Amino acid sequence: MSVIYQINRKLLQPQFDLDTYTVLANSPFKWIVTWGFRTLEEQAKLHDIYLHGGPLAAPPGESAHNFGLAIDVVLIDKDGHWNYNTFSLGWIWLFAKILNHPRLHSGKGFGDADHIERYKWYLHKVA
């Protein structure tokens with residue numbers, strides 16, 4: 001259907017960008033990419049929020065986001081609302097596509113369902 005980016009795609013590693021774009025752009029559902037590359041400072045702030053009860057965030061330098069190898073997405077429902085219900089058809093579709101992709105990995109298994117990263121990203125990080 002379509003994918004909308006609220007990030008600078010040029011900060012993602014090219015193969016990862018192509019892989020995620022191909023999956024999302026060929027989806028029968030509408031997606032928004034809400035996060036991509038993060039600086040170490042941005043990651044430190046998010047990790048501090050996590051340590052004080054906020055959503056999951058790795059320490060700086062230990063997140064695929066810090067190397068342009070992760071994005072966060074949200075499903076847009078038919079009414080135009082953000083849908084985080086991971087039991088809905090769009091999310092189930094996305095999890096299946098990522099599971100069968102040779103270079104992508106879902107954050108669903110570690111409690112971060114809206115997160116897509118390069119499979120074994122730590123082997124592909126470039127400073």
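List the pairs whose first member sits in region 59-83 and is under 14 Å from Asp112 (Cα atoms), whose second member is surrounded by 15 or more Cβ atoms within 10 Å (Cβ to Cβ) and among the basic types (Lys, Arg), and whose Cβ atoms are under 6 Å apart, counting only residues at least 6 apart or on separate chains? From residues that are under 14 Å from Asp112 (Cα atoms), the pairs are His65/Arg38. Here Glu42 passes the criteria (1) charged (D, E, K, R); (2) closer than 17 Å to Leu11 by Cα; (3) under 12 Å from the mean Cα position of the chain (by Cα) except the one numbered (3). Within region 16-39, residues that are more than 19 Å from Asp112 (Cα to Cα) have Cβ atoms under 6 Å from residues that are among the small types (Gly, Ala, Ser) and assigned to a helix (DSSP H, G or I) in these pairs: Phe29/Gly90, counting only partners at least 6 apart in sequence or on another chain. Among the residues of region 39-57, is there at least one that is closer than 23 Å to His81 by Cβ, aromatic (Phe, Trp, Tyr), surrounded by 12 or more Cβ atoms within 10 Å (Cβ to Cβ) and modelled with pLDDT of 95 or more? Checked region 39-57: no residue is closer than 23 Å to His81 by Cβ, aromatic (Phe, Trp, Tyr), surrounded by 12 or more Cβ atoms within 10 Å (Cβ to Cβ) and modelled with pLDDT of 95 or more.
Count of region 49-90 residues, restricted to those that are more than 19 Å from Ala25 (Cα to Cα) and in contact with a strand residue (DSSP E or B) (Cβ under 6 Å, 6 or more places away or on another chain), is 1.
Selection over region 67-95 of residues that are more than 14 Å from the chain's Cα centre (by Cα) and of a type in the set (Asp, Glu) gives a count of 2. Listed conditions (1) buried (at least 19 other Cβ atoms within 10 Å of the Cβ); (2) out of contact with any Pro (no Cβ under 8 Å at 6 or more places or on another chain) are all met by Asn66, apart from (2).
The values are calculated or read from the model by the stated rules, or taken from the named source; none is laboratory data. None of the values given here were measured: they were computed from a predicted structure. Because the Cβ atoms are built from the backbone with ideal geometry, glycine has one as well, and the counts that use them run over all protein chains shown.
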